[in-house]
Amino acid sequence: MPAPTPETLRTLTETLSDLTEYLRENPDPAEALALVEPLLDEYTGLPVQLADTLRALARTVQEHQAIPRTAHVDLLIAELRSAAWEQTDQHTLHYVLDELRTLHDDAESEQGCSRCR
């Protein structure tokens, strides 16, 4: 697998920015939920991926021979790991999407029923 490049990652963040702008235009909630769903997947979503990335970065810095072993470096590594745990805690956001989808589907069902009356 080829190594990611800064440009590739910039493209990803631009895509997220495009998504944010699109969501600000108030699309249909079902479509909005479908677009955000992969980002908040409990196993492969952004919180989990970012947490894993931060941990990997901390390990890379810690194990690199050219980086001095100082208290300051140790503090920075600890901050990366702490941020990783905070991101991991956000993996439960997929439950929020599930509940929002249920509420939206229920609202749509009720509207359908009232039209039939």
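Results, tabulated for the structure shown:
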item: Positions within the range 21-49 being open to solvent by less than 60 Å² (accessible area, probe 1.4 Å) and either among the β-branched types (Val, Ile, Thr) or over 11 Å from the mean Cα position of the chain (by Cα) (or both), in sequence order; result: Leu23, Pro27, Ala30, Ala32, Leu33, Ala34, Val36, Val48
item: Any hit, the range 70-82, residues being outside any helix (DSSP H, G or I), on the phi < 0 side of the Ramachandran plot and exposed (fewer than 15 other Cβ atoms within 10 Å of the Cβ); result: yes
item: Residues of the range 50-76 satisfying the condition of being within 15 Å of the chain's Cα centre (by Cα) and not hydrophobic (A, V, I, L, M, F, W, C); result: Asp52, Thr53
item: Enumeration of residues in the range 12-30 that are farther than 17 Å from Thr53 by Cα, in a helix (DSSP H, G or I) and either of a type in the set (Ser, Thr, Tyr) or at pLDDT 95 or above (or both); result: Glu14, Thr15, Leu16, Ser17, Asp18, Leu19, Thr20, Glu21, Tyr22, Leu23
item: Selected residue (criterion: farthest from Tyr95 (Cα to Cα)) from residues of the range 31-69 that are of a type in the set (Gly, Ala, Ser) and outside any helix (DSSP H, G or I); result: Ala66
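The values are calculated or read from the model by the stated rules, or taken from the named source; none is laboratory data. As the structure is a computational prediction, the values presented were derived from the model and not from experiment. We place every Cβ from the backbone using ideal geometry, glycine too, and count neighbours over all the protein chains shown. We work out accessible area using only protein heavy atoms, side chains counted, and drop any ligands, DNA or RNA first. Shrake-Rupley method; radii C 1.70, N 1.55, O 1.52, S 1.80 Å.
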